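Shown next, in structure tokens, is the structure this report addresses.
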Amino acid sequence: MNVSVIVFPGANCDRDAAYVTRDLLGQPTQMIWHEDRDLKNADLVIVPGGFSYGDYLRCGAIARFSPALQATVEHAQRGGLVIGICNGFQILTEAGLLPGALMRNRDLHFICDRVPLRVERTDLVWTQHYPDQAVITVPIAHGEGCYYADADTLQAIEDHGQVVFRYCDATGAPTPESNPNGSLNNIAGICNRQGNVLGMMPHPERVSDPLLGGTDGLALFQSVMSKQLQTI
Amino acid sequence: MVAPFSPDEIASEGIKPDEYEEIVRRLGRHPNRAELGMFGVMWSEHCCYKNSRPLLKQFPTEGDRILVGPGENAGVIDAGDGLRVAFKIESHNHPSAVEPFQGAATGVGGILRDIFTMGARPIAVLNALRFGTLDNPRTRQIVSGVVSGIAHYGNCFGVPTVGGEVTFDQAYAGNPLVNAMAIGLMETPEIVKSGASGIGNPVLYVGSTTGRDGMGGASFASAELTDASQDDRPAVQVGDPFLEKSLVEACLEAFKTGAVVAAQDMGAAGITCSTSEMAANGGVGVDVDLDQVPNRETGMVPYEYLLSESQERMLFVAHKGREAELIEIFERWGLHAVVVGEVIEEPMVRIRFQGEIAAEIPANALANDTPLYHRELMTDLPDYVKTARQWSEAALPLCDRAGLHLQAGSQTWTDVLKTLLDSPTIASKQWIYRQYDHQVQNNTVLLPGGADAAVIRLRPQTGDQAAAFVNTRKGLAATVDCNGRHVYLDPYEGAKGAIAEAARNLSCVGATPVAVTDNLNFGSPEKPIGYWQLAEATRGLADGCRDFGTPVTGGNVSLYNETLDSEGKPTPIYPTPVVGMVGLLDDVTQATGQGWRQAGDQIYLLGVKLAAIADAPDHVTLGGSEYLAVVHDTVAGRPPKVDVTLEQSVQAACRHGILQGWVQSAHDAAEGGLAVALAESCISGQLGARIQLPEIAAAARWDRLLFGEGGARIIVSVAPTAIAAWEAYLQAHLDGNWQKLGTVGQPAEPLQITTADSQAIIDAAIADLAAVWASAIERRLTAS
């Protein structure tokens, strides 16, 4: 699978994502400079975490104007696979590929922690390797990860089963206490209606290497690459 | 000829009358305003170590693994397998006192630049922080500001903040300490040095623009803080981590072209320091035209250009003819890169402005041949030390196995333990490190709070080496340590103890200590007591570094950490020589945390045995302890003496046990002694423990037994299957300085410490201990 990782100035999880797709999973991976429109025949585009352009205006607000992101939007509209992680999720909402917005965390602090997530759907290309209703532990690291959408949009997201990951407690219950940042409906990650675009605040690429003590995120990459991985 | 400056003007640059005379002698004329400013910053303690240099000479600086020692932007060690690690610590104390957020943020920014100026990619940051007590509203404001400043810069830059230490004491109320240590992995074939060379080579200014921010920060950092220091807020710089993230990428790319001859970060004293140090280190001169310097404000005069400490700037010397390819790289990253001058043969720093020479000073006079003060060391102990040493345990209220009998009423030992766990210095620092991204870069092996030292995997992320290190298990451990109260009460033993503790912390995760970077935070060296503390502590550090085989590769000196009260009476901080130490592990999967792992594992104490405590009052003591300070509001006694031989053998045993796979957890007994260490291992592992004390001699007080500090002690847990091999090893190597303490319990079981005749003296549910320990800092910060 051809993987392209967009590199914005200020992105800082671009190499972490490439480490998983290229080094751990052996897929050809290209870094795409933000000023380039050519996604190099990408099957999967990763919009990585970080602070694109410093995020001084509003997270992701500038990144969406970059040529690489414009090309990513077209790729998504053609049905291509796109995942936005952390800042990448913020960028995909700014670009209109995903509904809603990410606001400052409820307690106004940056939060770096490991949190349990419930996998809400396992029929997606992203999650097919997870057991049904799996509870996984994935790192978060963000200051603006509080998911918000107006009531109608939120209802539509739920009605169409677009919530992919929800913050939950160890038993899988999405309780208020297990919600780290105040996200509506404990939303940690959503997809578009077609299911080819995924955005999530938690970092699956940080929990994909067994040497670092966890692999709950690896199944996401294995899911999306399952065909290619079978042929290796 | 009459000096063109009034004594006040000279003093306002931080220059003493004798130093002014010397400047005139060196120049053969009076300096102009810009030159006076340049001397002011370059001859400040911050830049030239005029008080500390003779003392720093004691440090051992050479060793098998040392590739670059003191004098460059950072030290570099050989980590084996072709990997080289750069690391250094630096303070940003005064800026953080005045403007906590930006002060701390730019402290992180500055130390990161020191690392990547060498050609290394920053891979980890640690912090040593000292604050006043949290009942003070200003302190709460400082804590919040400093923590968010560090988070802001490190998180955005994309470097994991993997560890550190934080203590709270009244002594730091007006003058907090913010020391940041950065670690980087070399990405360039050659280590980039700072000495300019090649007459006619172009000098490039790269990075951000120059403005009036941070004017004279180095001089500001070299004076006491007063009420008027708030007026010096312009001396605090403003940081832009996004720009620095672009700068690191552009610099590393530029270095890899081979077109860069030398590089120097513009930190303290900005253009002045970088030009004069590059010239002096290379034995050449530099001719720079300020009109070419990109600026962010109009109407700036040479004095302002030269003293500005605007952030995210560097100075390069390039190979002639290769400027264009460097400029292309920086412009692609949205940064400035401009030829501002050239290397000249004459060893001068020559500054041009609007067609005229604005300053012309021999580079050596600014950067090498700077003033040096040999001060008299007081021959007698300071009075405060004498008084402190008169204290003895006899001054404490009565205690017995039931508890402590204070005037206000009795407390059980369980109560006392909870009081200590509630002390912000001992309590969980989660409120702090949860705001730092500690996992970015995908190499963090042990998370903050879970182990005695940070451990990261050493994996090159870009460049030729990257492919070869996929799935590497090679690791680096790092820690920052210093018990300022111990150093205050006995600078020599306290400083040596900081080295011993750092080495012990590295040993607890299974790493072999390799090298040290030190941050000397002290009061005024111009006062006899201040100089005595500095001299004694540096002697202790030097001896400690020799004892533990960890040379010093560089560091930072921060003097004049004093607050003047409203009557002008100076109050110095505790002398705080923070030790940053790095160590190596061959296999990060062996890295060991501090929490119990498995019910049924056996718990051992390495170091001075409990039964021997009565006979080792110098080594395990309540003198200078957290217990004495928190429970009895007393800072007195003598801190524990370091028993070097015992430390070495205990640390070696701990490392050996970890490498053999016998030891499941390891945690040193530091602040709060044995009882606190046991509680922390319980909390961290979410498992109980049953501890059975041996028969204790009547002479030892219960509180010394439970909360005394020192004794080179480490508490480990060992799987039952490994006990035979482990005990045989201890028998052969620790000369009786170990004992079995008890057994790790189930999750629901308490921490229970019982006497030889089976009476419980501490009995506490782990959830209760954890609740107190986890909430202590946040509860105080949110108190209105």
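The values are calculated or read from the model by the stated rules, or taken from the named source; none is laboratory data. Values in this document were obtained by computation on a predicted structure and should not be read as measured data. Neighbour counts run over all protein chains shown; Cβ positions are idealised from the backbone, glycine included. Heavy atoms of the whole protein, side chains included, go into the accessibility calculation; ligands, DNA and RNA do not. Shrake-Rupley method; radii C 1.70, N 1.55, O 1.52, S 1.80 Å.
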Report summary line: In region B:335-383, residues that are open to solvent by 50 Å² or more (accessible area, probe 1.4 Å), aliphatic (A, V, I, L, M) and more than 28 Å from B:Leu55 (Cβ to Cβ) total 2
Query raised in the report: Can you tell which of B:Ala653, B:Ala697, B:Ala712, B:Ala666 is in contact (Cβ under 8 Å) with a residue 24 or more places away in the chain, open to solvent by 10 Å² or more (accessible area, probe 1.4 Å) and farther than 20 Å from B:Val416 by Cβ?
Result: B:Ala697
Report summary line: Per the list (1) touching a residue at least 60 places away in the same chain (Cβ under 8 Å); (2) farther than 19 Å from B:Leu559 by Cβ; (3) open to solvent by 40 Å² or more (accessible area, probe 1.4 Å), residue check on B:Arg53 breaks on (2)
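Looking at B:Asp763, B:Asp768, B:Asp735, which is the one that is in contact with a Pro (Cβ under 6 Å, 6 or more places away or on another chain) and either in contact (Cβ under 8 Å) with a residue 12 or more places away in the chain or of a type in the set (Val, Ile, Thr) (or both)?
Unique residue meeting the criteria: B:Asp763.
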Report summary line: Inside region B:582-615, the number of residues satisfying the requirement of being within 22 Å of B:Gly449 (Cα to Cα) and either part of a helix (DSSP H, G or I) or within 14 Å of chain A (Cβ to nearest Cβ) (or both) is 10
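Return yes or no: is B:Val85 in a strand (DSSP E or B) and either more than 11 Å from B:Ala180 (Cβ to Cβ) or in contact with a Lys or Arg (Cβ under 6 Å, 6 or more places away or on another chain) (or both)?
Working: in a strand (DSSP E or B): yes; either more than 11 Å from B:Ala180 (Cβ to Cβ) or in contact with a Lys or Arg (Cβ under 6 Å, 6 or more places away or on another chain) (or both): yes.
So B:Val85 passes the test.
Do any strands (runs of 3 or more DSSP E) entirely within region B:405-460 hold 2 or more residues that are in contact (Cβ under 8 Å) with a residue 40 or more places away in the chain and touching a helix residue (DSSP H, G or I) at 6+ places or on another chain (Cβ under 6 Å), and if so, which?
Values: elements: B:409-411, B:444-446, B:454-457.
It comes to B:454-457.
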Requested in this report: Taking only region B:634-680 into account, find how many residues are β-branched (Val, Ile, Thr) and outside any helix (DSSP H, G or I).
Outcome: 4
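In contact with a Gly (Cβ under 7 Å, 6 or more places away or on another chain) and among the acidic types (Asp, Glu): which single residue out of B:Asp565, B:Asp518, B:Asp543, B:Asp547 fits that description?
On the way: B:Asp565 fails: in contact with a Gly (Cβ under 7 Å, 6 or more places away or on another chain); B:Asp543 fails: in contact with a Gly (Cβ under 7 Å, 6 or more places away or on another chain); B:Asp547 fails: in contact with a Gly (Cβ under 7 Å, 6 or more places away or on another chain).
Testing whether each residue is in contact with a Gly (Cβ under 7 Å, 6 or more places away or on another chain) and among the acidic types (Asp, Glu) leaves just B:Asp518.
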Query raised in the report: Do the conditions hold for B:Glu342, that is, is it under 28 Å from B:Glu35 (Cβ atoms), in contact with an Asp or Glu (Cβ under 8 Å, 6 or more places away or on another chain), touching a residue at least 60 places away in the same chain (Cβ under 8 Å) and within 14 Å of chain A (Cβ to nearest Cβ)?
Result: no
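In this structure, is A:Asp36 surrounded by fewer than 22 Cβ atoms within 10 Å (Cβ to Cβ), more than 14 Å from chain B (Cβ to nearest Cβ) and charged (D, E, K, R)?
On the way: surrounded by fewer than 22 Cβ atoms within 10 Å (Cβ to Cβ): yes; more than 14 Å from chain B (Cβ to nearest Cβ): no; charged (D, E, K, R): yes.
No.
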Requested in this report: Among the residues of region B:80-112, write down those that are among the aromatic types (Phe, Trp, Tyr) and either open to solvent by less than 10 Å² (accessible area, probe 1.4 Å) or modelled with pLDDT under 95 (or both).
Outcome: B:Phe87
Report summary line: When every residue in region A:48-68 that is open to solvent by 80 Å² or more (accessible area, probe 1.4 Å) and within 12 Å of another protein chain (Cβ to nearest Cβ) is compared, the one farthest from A:Gly10 (Cα to Cα) is A:Leu57
Report summary line: Within region B:461-472, residues facing another protein chain (nearest Cβ under 9 Å) and in contact (Cβ under 8 Å) with a residue 12 or more places away in the chain come out as B:Gln461, B:Thr462, B:Thr472
Query raised in the report: Among the residues of region B:121-137, is any under 28 Å from B:Ser423 (Cβ atoms), open to solvent by 10 Å² or more (accessible area, probe 1.4 Å) and within 14 Å of chain A (Cβ to nearest Cβ)?
Result: no
Requested in this report: Could you check A:Val5 against (1) within 14 Å of chain B (Cβ to nearest Cβ); (2) open to solvent by 10 Å² or more (accessible area, probe 1.4 Å); (3) in contact (Cβ under 8 Å) with a residue 12 or more places away in the chain and say which number it fails?
Outcome: (2)
Report task. Determine which member of the set B:Ile142, B:Ile77, B:Ile115 is modelled with pLDDT of 95 or more, among the aliphatic types (A, V, I, L, M) and assigned to a strand (DSSP E or B). Result -> B:Ile77
Report task. Might you let me know whether region A:55-62 holds any residue that is modelled with pLDDT of 95 or more and aromatic (Phe, Trp, Tyr)? Result -> no
Query raised in the report: Is it the case that some residue within region B:164-181 is touching a strand residue (DSSP E or B) at 6+ places or on another chain (Cβ under 8 Å), within 13 Å of another protein chain (Cβ to nearest Cβ) and open to solvent by 10 Å² or more (accessible area, probe 1.4 Å)?
Result: no
Report summary line: The residue that is most open to solvent (accessible area, probe 1.4 Å), considering only those in region A:205-232 that are in contact (Cβ under 8 Å) with a residue 40 or more places away in the chain and among the aliphatic types (A, V, I, L, M), is A:Ile232
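Looking at the structure I just gave you, is B:Pro424 away from chain A (no Cβ under 14 Å), farther than 30 Å from B:Ile23 by Cβ and surrounded by 15 or more Cβ atoms within 10 Å (Cβ to Cβ)?
Values: away from chain A (no Cβ under 14 Å): yes; farther than 30 Å from B:Ile23 by Cβ: yes; surrounded by 15 or more Cβ atoms within 10 Å (Cβ to Cβ): yes.
Answer is yes for this residue.
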Report summary line: With the first residue restricted to region B:180-193 and required to be assigned to a loop (DSSP other than H, G, I, E, B), and the second required to be of a type in the set (Phe, Trp, Tyr) and crowded, with 24+ Cβ neighbours inside 10 Å, Cβ contacts under 8 Å at 6 or more apart or on different chains are B:Glu187/B:Phe255; B:Thr188/B:Phe255; B:Val192/B:Phe255
Report summary line: All-but-one check, A:His75 against (1) in a helix (DSSP H, G or I); (2) within 14 Å of chain B (Cβ to nearest Cβ), failing number (2)
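Based on this model, can you work out whether A:Glu144 counts as within 14 Å of chain B (Cβ to nearest Cβ) and of a type in the set (Asp, Glu)?
On the way: within 14 Å of chain B (Cβ to nearest Cβ): yes; of a type in the set (Asp, Glu): yes.
Answer is yes for this residue.
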Query - Hey, B:Ala614 over 26 Å from the mean Cα position of the chain (by Cα), over 18 Å from B:Asn505 (Cα atoms) and either polar (S, T, N, Q) or open to solvent by less than 30 Å² (accessible area, probe 1.4 Å) (or both) or not - result: yes
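Could you please find all residues in region B:298-331 being on the phi > 0 side of the Ramachandran plot and buried (at least 24 other Cβ atoms within 10 Å of the Cβ)?
Taking region B:298-331 as the starting set, the residues that turn out to be on the phi > 0 side of the Ramachandran plot are B:299, B:312, B:321.
Correct list: B:Glu312 only.
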Report task. Return the pairs, sorted by first residue and then second, in which the second residue is among the polar types (S, T, N, Q), the first residue lies in region B:236-260 and is at the interface with another protein chain (Cβ under 10 Å from one of its Cβ atoms), the beta carbons are less than 6 Å apart, and the residues are 6+ apart or on different chains. Result -> B:Leu243/B:Ser208
Report task. Quick one: which residue in A:Asp169, A:Asp150, A:Asp132, A:Asp159 is over 24 Å from A:Ser52 (Cβ atoms), at pLDDT below 95, open to solvent by 10 Å² or more (accessible area, probe 1.4 Å) and of a type in the set (D, E, K, R)? Result -> A:Asp132
